[in-house]
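This report concerns only the one structure given below.
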């Protein structure tokens, strides 16, 4: 049996359900309503698990689900060396969002990551503490800032309304996802020229660690056939 | 397995444990005989202090534990800062310490095979003559490895102080020198900055041109306020100050191409220590820079090593050794087990005079080094041989 993990709510869930339906795979929640379960028809031997989008990467890495749909940003943030544990055979084209570095727009002296590094050094010298970066993407931010050679900053965890943190004096700049940029502008923020960390979208993800019996492999091959990826060519574990 | 330690199968019980205990006891006795006072730093440390010194990257390397209602705490990833903090609290004289205990490191990726917990035994010497202290710490590590049966380790040495001295000696704008100094331990960024300072100035963006014009006319605050609402702790004065710095940088003469090459060349020197010293002296002379104090320290260190029975002139030297380990700013060395690429360096250490400044305070001479006893026992193959001796204790 193949377990398909989908986000438990929201736009991402609806887009995924629509995409599967268009390929002849119907995903239905239990009629009982509140239960986070359901069934999959149109695919042999497949069951449904509804999880928070943020938990799907770990469920895939640990092999608790065989196939899942979630944003690439969440996979890259939560799973180091993601490709060793999860195959990503299909970009789904919805759930698009850019993970970006944004600073207050009035920082007319800061256009690039190079500027940000110099500004961070000066800030620390003048204010006696490092500049704070609000984000929920800690690992991706650390990696990107290290590659850009930015030192002298401190991460501040922000799980929501991150764009408001400079105004609230909880941080000096942010790393967050944006789709249209409207919320950034409304909060007086501007994306750095070379501040694009990741162009994210929803991905179809296949766990290499899940228990891949013959029935699950057949279901994966069929799913690949329907959605248009090579399900048999993926290197799977046990 | 529950009984396994880093690099040492079954090292938590029975003969292997006894052999490890005997080895560490011999090493610690050597360190104490050299006048080092034994200390037991805490395992848990305030996150703020460590983050101030090591930066955010530490979060990727060290484990954090949460104490509800208080700030996060780090499990110590090494002993350098914990021992220095103890020294600042205790101010023992002479200021030399030794320690033994586990350190903990996150190993993201999990498949890289590196341990998340392993032992370190080491010494730290504060103050004292730098050349003598460097040589003494090196000799102590050599002797500690011999206790584990590794008498001919593969050694590599370096001296980041020489390259830093070159950087301090060549002509360039002070702000640029400070930026290079700050990024010395990030080679990619360092190179990018050096190329930028030595090359022609890049064509400014329209916004940058407007900013530079505003800077000369006192119009930066107006320009900034026109670009967006003023939010956050970084204020208009910060923006104006950086605009001023940008204007000064735009007017600065480029770093001479030969000076940039000299910095690169000093960092690329490799060879036996005496030949490396000669080469560095030659480079400095040809480049017209005075780095005599750094070269003299290097030479005095070689003398001090020779007096401790080290074939100092033949020691392999690579100028950029340990360059990515932030805070080393002088002598550095590593000792590895021959033919064991599966093991990490058995001993490593170096000078980090600048770390005291990072803690707030004037720079203070400091050198330290550590042995990995588990890896040493695995390399020396003494896990079985020394078991009877340990059992007799």
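What follows is calculated from the coordinates using simple rules that are stated; it is not laboratory data. All figures in this text were calculated on a predicted structure; none of them were measured in a lab. Ideal geometry is used to build each Cβ from the backbone, glycine not excepted, and the neighbour counts take in all protein chains shown.
Between the Cα long axis of helix A:214-227 and the first principal axis of chain A there is an angle of about 70°, rounded to the nearest 10.
Under the 0.36 nm per residue contour assumption, what length would be gained going from the current alpha-carbon distance of residue B:89 and residue B:34 to full extension? Walk me through the numbers before you get to the answer.
Details: separation 55, 0.36 × 55 = 19.80 nm, distance 2.21 nm.
Length difference between fully extended and current span is 17.6 nm.
Each residue, residue B:233 and residue A:201, gets one label point 7 Å from its Cα in the Cβ direction; the gap between the two is 4.0 nm.
Taking only Cα atoms of region A:143-238, what ratio of Rg to Rh do you get with Rh as the Kirkwood inverse-distance radius?
The Rg/Rh ratio comes out at 1.18.
If the segment from residue B:43 to residue B:256 were pulled out straight at 0.36 nm per residue, it would be longer than the present Cα-Cα gap by 71.8 nm. To the nearest ten degrees, helix A:113-127 and the longest principal axis of the Cα atoms of chain A are 50 degrees apart. For region B:201-253, the relative contact order comes to 41 percent (Cα pairs under 8 Å, sequence separation of at least 6).
Can you classify region B:201-253 as rounded, prolate or oblate using the Cα gyration tensor, where a ≥ b ≥ c are the square roots of its eigenvalues, rounded means a/c under 1.5, and otherwise it's prolate if a/b beats b/c and oblate if not? Mind dumping the intermediate values first?
Numbers: a/c = 2.06, a/b = 1.69, b/c = 1.22.
Here region B:201-253 falls in the prolate category.
Expressed to the nearest 5 percent, the antiparallel share of DSSP beta bridges inside the protein assembly as shown is 80 percent.
Applying 1/(1 + (r/R0)^6) with r as the Cβ-Cβ distance of residue B:154 and residue B:203 and R0 = 51 angstrom yields a FRET efficiency of 0.55. Divided by 2.2 N^0.38 Å, where N counts the residues, the Cα radius of gyration of region A:51-160 comes to 1.30. Note on region A:187-211 and region B:8-86: Cα centroid distance 36 Å, given to the nearest whole angstrom.
Please label the shape of region A:97-200 as rounded, prolate or oblate, based on the square roots a ≥ b ≥ c of the eigenvalues of the alpha-carbon gyration tensor (a/c under 1.5 means rounded; beyond that, a/b larger than b/c means prolate, else oblate). The shape class here is rounded. By other beta-carbon atoms within 10 Å, ranking A:204, A:50 with the fewest at the front produces A:50, A:204. Computed from Cα atoms, the angle from the helix B:257-268 axis to the main principal axis of chain B rounds to 10 degrees. Taking B:159, B:134, B:303 in turn, the Gaussian network model of chain B (Cα-Cα springs below 10 Å) assigns the largest fluctuation to B:303. Taking other C-beta atoms within 10 angstrom as a stand-in for reagent exposure, B:205, A:207 fall in the order B:205, A:207, fewest first.
Once the C-beta distance of residue A:226 and residue A:180 is scaled by a Förster radius of 35 Å, the resulting FRET efficiency is 0.65 to the nearest 0.05. Ranked by the mean number of other Cβ atoms within 10 Å of their residues, highest first, the peptides B:345-356, B:172-183, A:165-176 come out as B:345-356, A:165-176, B:172-183. When peptides A:12-21, A:105-114 are ranked by their average number of other Cβ atoms within 10 Å per residue, the highest-first order is A:105-114, A:12-21. Peptide A:112-121 has a mean of 4 when you count, residue by residue, the C-beta atoms of other protein chains within 10 Å of its C-beta. The alpha carbons of chain B stretch over 83, 58, 43 Å along the principal axes, in descending order. Over chain B, dividing the summed -39,500 (n - 2.57) contributions of all DSSP H runs of at least 4 residues by the number of residues returns a 222 nm mean residue ellipticity of -14500 deg cm²/dmol.
Within the listed set A:47, A:95, A:228, the Gaussian network model of chain A (springs between alpha-carbon atoms below 10 Å) gives the highest mean-square fluctuation for A:228. The alpha carbon gyration tensor of chain A gives principal lengths a ≥ b ≥ c with a/c of 1.5 or higher and a/b greater than b/c, which makes the shape prolate. For the peptide B:236-246, the mean number of other protein chain Cβ atoms found within 10 angstrom of a residue's Cβ is 4.
Here region B:174-224 and region A:72-140 have alpha carbon centers that stand 22 Å from each other. All Cα-Cα separations within region B:13-104 were binned at 10 Å from zero, giving a P(r) of 15, 36, 31, 17, 1, each value a whole percent of the pairs.
By the helix-only formula, in which each DSSP H run with n ≥ 4 contributes -39500 (n - 2.57) and the sum is divided by residues, chain A has a 222 nm mean residue ellipticity of -9000 deg cm²/dmol.
Peptide A:153-162 is shielded by partner chain Cβ atoms: per residue, an average of 1 of them sit within 10 Å of its Cβ. Here the contact order of region A:89-238, divided by its residue count and restricted to Cα pairs under 8 Å and six or more residues apart, works out to 36 percent. The packing ranking of peptides B:16-24, B:99-107, highest mean first, is B:16-24, B:99-107, where packing means the average number of other beta carbon atoms within 10 angstrom of each residue.
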